[in-house]
Each structure stands twice: as C-alpha cells, then as structure tokens.
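Working notes for the structure below.
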Amino acid sequence: MNLHLPAVLIVTLSVLHGAEVTERRSGTGPGVIPENAGHPLTDAMTDEQLIARRQAAAGGQGLPKPMPPVPHGYGLLEMSTVLESGGNFALLPKGSVIWCPPSRQAQMVSAPSGRFSDWLTFLSANRGWITTFEVTQDQVTGKTPLPVAAIERFRKGNLLTVATLQGSPISIPTP
C-alpha cells in the first residue's frame, strides 16, 4: 500500500468540500521567527545596562558584596588525629580515639613533628599507653552503641583507647 495515499485523499476531500489547504511549515528555521523580531544580538543588553538595571531594582542599596570563600578542612591533617611519641607520629582517623586520659593529652597534637610511623609500628612501640577496642560494623555505622560498661572501663584506666575494625583504626559515632 502506498503511504502517501491517505494524505492525497485528505487533501482531495478538503479541496472538494471548499476547505482551504495551507502549506505545512516545519516549525524550525527562519520561517517561524516573527517578521519584526530583530536580530537576537542587536537586542542584547550591555554590561552597563545590566548593572544599571540591577542597581535600579535594588533601590539604591547597591550590589551585595561577595563573601570570601570559607576554606573547607578536607585535608589529611584536618581529617586526622595525630598521636606523637618518641620522635615518631601516627595519623588516625578523626573520631577513632574513644578515650584519652588527661595524662595523655600531650600525645595528641595538632601538627605532626618527627618521623611518620604506620599504625601497627606505632602501636607496638607504645603499647604501654595505647590500647585498642575492636568494634563491629554496626557500631561503626551507629546502629549499635558501644557498650556502656566498656566505656566506663576505659575512663577508669590510664590508657588511650582507639577504636579498631579488623585491627585498623576507624572513626565511630561519639557515644
């Protein structure tokens, strides 16, 4: 079957009944732009006109002053707790220290100095004042709280306690 046949029939029927048949336009191109529209770039506003319009709309208050960007602390040191001892330091995730007794506050520093040491080496060398507490994945995500008895036990002792998951320090929600 010829696909143009229905269109020919419609045009023929409309001519026979006296209907006026107009040429169909595509909907794109210069044919759809109104005649007195002008060129788009000639009607564009200049910077001076835009500033004047903004100031008029502001009612003489002037333009708002831009705020200086606030630095975001997303660097390694901003996201870490630094432990230091014997000329060595280790970086732990912020929020991984569950308990730090007042006598060990000096070992938690804001800026590292000395030689970097990985966690296991630092822990081995400082077993006398650091202990670990193995946490579960549910405790890390906050679904299960840390046992209250364990927290009380840490607070009675004189050891800095670090939360670990499979032996590595990990951040936990604060109790």
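Some observations on this one:
- Unique residue being over 16 Å from Ser168 (Cα atoms), under 33 Å from the mean Cα position of the chain (by Cα) and hydrophobic (A, V, I, L, M, F, W, C) when the list is Val135, Val70, Val97: Val70
- Top-ranked residue of segment 134-163 - restricted to ones that are in contact with a Phe, Trp or Tyr (Cβ under 8 Å, 6 or more places away or on another chain) and β-branched (Val, Ile, Thr), ranked as modelled with the lowest pLDDT: Ile151
- Among residues of segment 62-91 that are in contact (Cβ under 8 Å) with a residue 60 or more places away in the chain, those with a Cβ under 7 angstrom from a residue that is of a type outside the set (A, V, I, L, M, F, W, C) and surrounded by 10 or more Cβ atoms within 10 Å (Cβ to Cβ), sequence gap 6+ or separate chain, pair up as Leu83/Gln107.
- Residue among Thr136, Thr174, Thr144, Thr161 that is surrounded by 15 or more Cβ atoms within 10 Å (Cβ to Cβ), under 19 Å from Trp99 (Cβ atoms) and of a type in the set (S, T, N, Q): Thr161
- Total residues in segment 110-131, condition under 21 Å from Phe154 (Cα atoms) and of a type in the set (Val, Ile, Thr): 2
The values are calculated or read from the model by the stated rules, or taken from the named source; none is laboratory data. Just so you know, these numbers come straight off a predicted model, no measurement behind them. Cβ sites come from the backbone with ideal geometry, for glycine too, and all protein chains shown count toward neighbours.
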